[in-house]
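Comments concern the structure below.
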Amino acid sequence: MKLNLSSQIVLNKVPEEFYAPKTAIDRSEITRQEKIPTDIFPKMEDGAKSIADAIVAEIKAKEQLGKYCVLGLGTGQSLTPVYNELINRYEKKEVSFKNVVVFNAYEYFPLKAGSQHSSIYQLKDRFLNHVDIPAQNIYSLDGTIAQEDVQKQCRLYEQRIQTFGGFDVVLLGIGRIGNIATNEPGSTLTSAARLILIDATSREEMTMSFGSQEPVPPCSITLGIADILASRKIYLSAWGEEKADIIQQAVEGGITDAIPASFLQTHNDVHVVIDLPAAGKLTRIIHPWLVTSCKWTDKLTRAALVWLCGITKKPILKLTNKDYNESGLSELLALYGSAYNANIKIFNDLQHTITGWPGGKPNADDTYRPERAKPFPKRIIVFSPHPDDDVISMGGTIQRLVKQGHDLHVAYETSGNIAVGDEEVTRFMHFINGFNQIFMDDKDEIIKKMYKDIKKFLADKKEGDIDTLDVRTIKGLIRRGEARTACTYNKIPLDHVHFLDLPFYESGKIEKLPMTEKDVAIVRALLKEIKPHEIFVAGDLADPHGTHRKCTDAVMAAIDLEKEEGAEWLKNCKIWMYRGAWAEWEIENIEMCVPMSPEELRAKRNAILKHSSQMESAPFLGNDERLFWQRAEDRNRGTAKLYDDLGLASYEAMEAFVEYKPL
């Protein structure tokens, strides 16, 4: 069963020569914008194997010389696939770690003695405890010491590294703000090991490593930039489109303390190892015409013209031959004969993405429409990772599908219970207790006991405590009630509202359980029951907490199994991916765009507001101060403005979709 199909979503099918050039000359040509050697792999697993190969080779080379192999290791999420691969090699007896010495790259501060949320605990749990590295060969900074002793500890730590001859390899991830280890923006090229305040964005990212809602300590004791650059080799890994922007800045931008990872440009043996989604903003992937000759597909041509409109500040139909020539797009002039011909072609392509009939317009010529006219009406499933992603991401489209007579089902994939504040539980328990007192003469002993127990638990609850099953159940019921209310507002029958409660989500913590065949089986059962003609699924894979990706993987795995078995319903089904509060599709990739009037946008807002627990008090709004309905409106208006700027129809707001074709 393929449980990670989302990792293979690359919207513009990237020719292999752009990410795996066959010769050194080809590589030199397409990477001329890159200031750090960067290896791109189709899948995360391939990249992790590449790094593991290099580390194993280094360990064996040192072993033959009778020397230690000294590693500096981080604990970021992007390193887990590498550690898993190294563990796999050890279990297959392909390598021993007895001659390895490990130095932990950073430690949180301050920590309580024995904290399971320390960086070294995570490193041992994910890697060191699973291989044969001697305990005396593992070194870490201590986050429990007094602040006045930190400086002395840092100097001793650096000295100990030198007694082993310095680092042979440092293995790191990269944070969303360009931090390496916990060297935050503002760190200098010559910075040594020190105590540093962790940026808010980094702390949010590190919460995933903690695996609970306990806040990350405000500080870290970290190896400095100078310590990292003193290593003989450095590997930096990143996976997924959420890292694409910062990888581009670190690899192609200038050296600046605003992006500490850019200092790696000064090292003579550093390797950035990424997958295709993380490479999505590098010039050779997103704007290949700037570095090499291209085989011009329709999609690549559209991307080039949207880019050209952006730099010339012109709508498509006003682009001239001179604009093409001055911007390195003369190949397109040769291909199309003139700017006018290319302009018309791409203008029409974009125009055909716009439709007010997202389920298909009955009795209409659908040659140039994104969705088929038949069958009508269609059976449709909207998969929503959390109980509000449906209305946040495609609330306007849902309204149209219902009004146009389609048989629409909404499947809420997770309970969303950890994203409910404790005060919401208190409010509902007060209501239940009051109901018992007024209408049942205070006779229901179960309600009375539950009210007392939950009230005590919440009063005694400390930061990081996992909610009891009863509290999580109540939080899930709160979200179910809100989802039903929003569906009723959108005139979706309640027997068409499905709560799947996928098991992977029910860890009680931010870090979820692995998505497994059990999750896929639940999704697949619904698909077999409904046999949809149209599916909408989350493509918002940059969701910072990872739930969207796992939910999408579950749907795609279920579809893949149905395809393997030759399911008849799938042969007549289209699958559309939407995005939500975190990002929007690039306009060159959009294949269906549904416009909204001011009234429809207001109705979408009203549906989002039915999810009252996700307003001001929601635990996971992130660093963006806007509420979810505000983010959604800004994104939808922004998409409409992009179409307007390109010279197409001007709408109040638009929701965008990209088709997913099963591999």
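Once you sort the root eigenvalues of the Cα gyration tensor of segment 108-198 as a ≥ b ≥ c, which label holds: rounded (a/c under 1.5), prolate (a/b larger than b/c) or oblate (the other case)? Rounded.
Only four residue types carry charge here, +1 at the Cβ of Lys and Arg and -1 at the Cβ of Asp and Glu. Report the dipole size of the chain about the Cα centre in Debye, rounded to the nearest 20. Before the final figure, lay out each step's value.
Values: 82 positive and 94 negative charges, 117 e Å.
About 560 debye.
Comparing H498, I234, T182 along the charge dipole axis of the chain, the residue lying farthest to the positive side is H498, per the Cβ-charge model.
What does the C-alpha gyration tensor say about the overall shape of segment 68-112? Classify as rounded when a/c is under 1.5, otherwise prolate if a/b is larger than b/c, or oblate.
Values: a/c = 2.82, a/b = 1.63, b/c = 1.73.
Cα axes put segment 68-112 in the oblate bin.
Each Lys and Arg contributes +1 and each Asp and Glu -1, all at the Cβ; summed about the Cα centre of segment 545-663, the dipole is approximately 320 debye.
Rounded to two decimal places and with Rh computed the Kirkwood way over Cα pairs, what is Rg over Rh for segment 380-466?
Details: Rg = 18.9 Å, Rh = 16.1 Å.
Rg divided by Rh gives 1.17.
Dividing the helix sum by the residues of the chain, where each DSSP H run of 4 or more adds -39500 (n - 2.57), gives a mean residue ellipticity at 222 nm of -12500 deg cm²/dmol. State, as an integer percentage, the relative contact order of segment 405-489 based on alpha-carbon contacts under 8 Å between residues 6 or more apart. In percent, rounded to a whole number, it is 45. A Förster radius of 25 Å combined with the Cβ-Cβ distance from Y489 to D298 puts the calculated FRET efficiency at roughly 0.05.
When only DSSP loop residues count, what trypsin sites (Lys or Arg not before Pro) in segment 59-124 have their Cβ near at most 11 other Cβ atoms within 10 Å?
Passing both the DSSP loop test and the Cβ count: K92, K93, K112.
Between beta-carbons, use under 12 Å as the cut-off and find the net charge around N343, counting Lys and Arg +1, Asp and Glu -1. Walk me through the intermediate numbers first.
Working: positive: R302, K314, K318, K345; negative: D323, D349.
Result for the neighbourhood of N343: +2.
Residue by residue, segment 519-531 carries 3J(HN,Hα) couplings of 5, 4, 4, 5, 5, 4, 4, 5, 4, 5, 6, 7, 6 Hz when phi is fed to the Karplus relation 6.51 cos²θ - 1.76 cosθ + 1.60 (θ = phi - 60°); x denotes Gly or Pro. Report the local net charge at A486: Lys and Arg +1, Asp and Glu -1, summed over other residues whose C-beta lies under 14 Å from its C-beta. Result for the local shell: +3. For segment 29-143, the normalised intensity computed at q = 0.14, 0.16, 0.22 Å⁻¹ comes to -0.66, -0.82, -1.26 (log10 of I(q)/I(0), Debye sum over alpha carbons, equal scatterers, no solvent). In the full protein context, segment 155-308 carries 32 Å² of accessible surface per residue, based on a 1.4 Å probe and ignoring ligands, DNA and RNA. Residue-normalised convex hull volume from the C-alpha trace of the chain: 175 Å³ per residue. Its Cα gyration tensor gives segment 434-572 an equivalent ellipsoid; the semi-axes, largest first and in whole Å, are 36, 21, 13. From the Kirkwood radius over Cα pairs of segment 556-663, Stokes-Einstein at 4 °C and 1.567 mPa s returns a whole-number translational diffusion coefficient of 81 µm²/s.
If I take every Cα pair under 8 Å that is 6 or more residues apart in the chain, average their sequence separation and divide by the length, what percent do I get for the relative contact order? Reported relative contact order: 14 percent. Note that segment 89-156 shows a convex hull volume over its alpha carbon atoms of 89 Å³ per residue.
Below 8 Å between Cα atoms, with a sequence gap of 6+, how large is the relative contact order for segment 304-432 in percent? Can you show the working numbers first?
On the way: 128 pairs, mean separation 21.2, N = 129.
It comes to 16 percent, rounded to a whole number.
Please list the three semi-axes, largest first and in whole Å, of the ellipsoid equivalent to segment 243-327, using sqrt of 5 times the eigenvalues of its alpha carbon gyration tensor. Numbers along the way, then the final one.
On the way: eigenvalues 180, 43, 26 Å².
Largest first, segment 243-327 gives 30, 15, 11 Å.
Taking label positions 7 Å along the Cα-Cβ direction at both K374 and I432, the computed distance is 5.3 nm, reported to one decimal.
The fraction of accessible area contributed by carbon and sulfur in segment 54-169 is 48 percent, rounded to a whole number (1.4 Å probe; ligands and nucleic acids excluded). Note on segment 96-205: dipole from Cβ charges, positive end direction compared against Q136, L197, C154; the farthest Cα belongs to Q136. The residues packed around E584, meaning those with a beta-carbon under 13 Å from its beta-carbon, carry a net charge of -2 if Lys and Arg are +1 and Asp and Glu are -1. Phi angles of segment 658-663 translate, via the Karplus equation with coefficients 6.51, -1.76, 1.60 and θ = phi - 60°, into HN-Hα couplings of 10, 6, 10, 10, x, 5 Hz per residue; Gly and Pro are given as x.
The shape of segment 233-282 comes out oblate: with a ≥ b ≥ c from the C-alpha gyration tensor, a/c is at least 1.5 while a/b does not beat b/c.
Dividing the convex hull volume of the alpha-carbon atoms in segment 161-306 by its residue count gives 141 Å³ per residue.
Placing pseudo-labels 7 Å out from each Cα toward the beta carbon at T266 and R27 gives an inter-label distance of 2.6 nm. Remark: for residue pairs K43/K661; K322/K641; K49/K93; K574/K641; K299/K550; K299/K661, the C-alpha separation exceeds 22 Å in K322/K641; K574/K641; K299/K550.
Modelled spin-label separation between A135 and Q151, with each label point placed 7 Å from Cα along the Cα-to-Cβ direction: 3.4 nm. Highest-first packing order for the peptide set 439-452, 644-657 is 644-657, 439-452, based on the mean count of other beta carbon atoms within 10 Å. Peptides 178-187, 302-311 ordered by packing proxy, namely the average of other Cβ atoms within 10 Å per residue, highest first: 178-187, 302-311.
In debye, nearest 20: dipole of segment 29-68 around its Cα centre with unit charges on the Cβ of K, R (+) and D, E (-)? Could the numbers behind the result be given before it?
Details: 7 positive and 8 negative charges, 36 e Å.
Charge dipole, segment 29-68, about its Cα centre: 180 debye, nearest 20.
The values are calculated or read from the model by the stated rules, or taken from the named source; none is laboratory data. Everything numeric in this text was worked out from a predicted model, so none of it was measured. All Cβ positions, glycine included, derive from the backbone under ideal geometry; neighbour counts span all protein chains shown. The protein model used for the area step is the full one, side chains on, heavy atoms only, and it has no ligands, DNA or RNA in it. Shrake-Rupley method; radii C 1.70, N 1.55, O 1.52, S 1.80 Å.
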